[in-house]
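The values are calculated or read from the model by the stated rules, or taken from the named source; none is laboratory data. This structure is a prediction, so every number in the text was calculated from the model and none was measured. Ideal geometry is used to build each Cβ from the backbone, glycine not excepted, and the neighbour counts take in all protein chains shown.
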Amino acid sequence: MNIAATMADGGFTRVPAQDELRLDPHAAYVHITTNETIEGVEWSNEPETGAVPLVADASSDILSHPIPIEKYSLIYAGAQKNMGPSGVTLVILRDDLLQRIPDGLHTMLDYRTHVENKSLYNTPNTWGIYIIDLVCRWLKEKGGLQGMHRENTAKATLLYDAIDATDFYRGHADADSRSIMNVTFRLPSEDLEKKFAAEATAQGLDGLKGHRSVGGIRASIYNALPLEAVEALVSFMKEFERANG
Ligand SMILES: Cc1ncc(COP(=O)(O)O)c(C=O)c1O
């Protein structure tokens, strides 16, 4: 494995720029995670990988915005954020990659098994797939992925603007790498962050404690979360700052 770029030194606050990638032209593939949920960073444009296939884990931002599918050779995504219940994984695979699959893999790990059997080699999670169908119908009513993207952008902008409007809140990710799914920010002290999360929970704004590995506050605003929920959070933030700032 060749690590093409790491943002560890800066505390994972951004995605790497194209000229920071040390790509191996002979690599089998280049892997990215399109949205990273812990630090709240998201790729806004795909890296250029030339002839090397681009493979992505899109679990946490799939269906949140349109994607230029032709840039990817393989996308995989767990359903549990924007698509439906956990237990279903979506794989979008470019046909020509099937030829590169080595023989001798375990039957279930060989994508040819699933392609040849129309994803019905085993008994799939029918309930999960049914729910995904309902979610896709709901997305169509919202104007498809473009409509969803507009709504997600409005939600994220509202929240980032509230963070940027004051020194009390400090956004974690660099402005050009900010995730529209997971908005991460800090308060002046860890004690205040604890108090913020506890008081928010008491007001019905749950799940705002940051990931245990980084702390701080994280608002996950996936597709299913309505604009009104973000508006409620923003008014809570203003109130909290007034009382504690
Ligand atoms: C980008 C990404 N990949 C993978 C996972 C983990 O998925 P699973 O719990 O299905 O392994 C997550 C979180 O659910 C995620 O956000």
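Residue-wise test of (1) in contact with a Ser or Thr (Cβ under 9 Å, 6 or more places away or on another chain); (2) not hydrophobic (A, V, I, L, M, F, W, C); (3) not assigned by TED's automatic domain parsing to the domain that holds A224.
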site	(1), (2), (3)
D95	no, yes, yes
L98	no, no, yes
Y111	no, yes, yes
I132	no, no, yes
T157	no, yes, no
D164	no, yes, no
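Among the residues of the stretch 1-53, those identified as over 19 Å from E70 (Cα atoms) and β-branched (V, I, T) are I3, T6, T13, V15, T37, I38, V41.
Please report, ordered by residue number, the helices (runs of 4 or more DSSP H) entirely within the stretch 113-211 with at least 3 residues that are surrounded by 12 or more Cβ atoms within 10 Å (Cβ to Cβ) and among the hydroxyl-bearing types (S, T, Y). Steps first, answer last, please.
Values: elements: 126-141, 144-164, 190-202.
Qualifying helices (runs of 4 or more DSSP H): 144-164.
Summed over the stretch 53-77, the residues that are of a type in the set (G, A, S), within 15 Å of the ligand (Cβ to nearest atom) and either not assigned by TED's automatic domain parsing to the domain that holds I129 or not in a strand (DSSP E or B) (or both) give a count of 4. Go through the residues of the stretch 213-226 one by one and say whether even a single one is in contact with a Leu (Cβ under 9 Å, 6 or more places away or on another chain), outside any strand (DSSP E or B) and surrounded by fewer than 17 Cβ atoms within 10 Å (Cβ to Cβ). So far as the stretch 213-226 goes, no, none of its residues is in contact with a Leu (Cβ under 9 Å, 6 or more places away or on another chain), outside any strand (DSSP E or B) and surrounded by fewer than 17 Cβ atoms within 10 Å (Cβ to Cβ). State yes or no: is S86 within 30 Å of L225 (Cβ to Cβ), within 11 Å of the ligand (Cβ to nearest atom) and exposed (fewer than 14 other Cβ atoms within 10 Å of the Cβ)? Considered against the rule, which asks whether it is within 30 Å of L225 (Cβ to Cβ), within 11 Å of the ligand (Cβ to nearest atom) and exposed (fewer than 14 other Cβ atoms within 10 Å of the Cβ), S86 comes out as yes. Could you grab me the full set of residues in the stretch 5-17 that are surrounded by 12 or more Cβ atoms within 10 Å (Cβ to Cβ), away from the ligand (no atom under 14 Å from the Cβ) and without any contact (Cβ under 8 Å) to a residue 40 or more places away in the chain? Matches in the stretch 5-17: A5, M7, P16.
Note on the stretch 26-52: residues that are more than 11 Å from the chain's Cα centre (by Cα), within 12 Å of the ligand (Cβ to nearest atom) and buried (at least 19 other Cβ atoms within 10 Å of the Cβ) amount to 1.
Note on the stretch 145-174: residues that are out of contact with any Phe, Trp or Tyr (no Cβ under 8 Å at 6 or more places or on another chain) and in contact (Cβ under 8 Å) with a residue 12 or more places away in the chain amount to 17.
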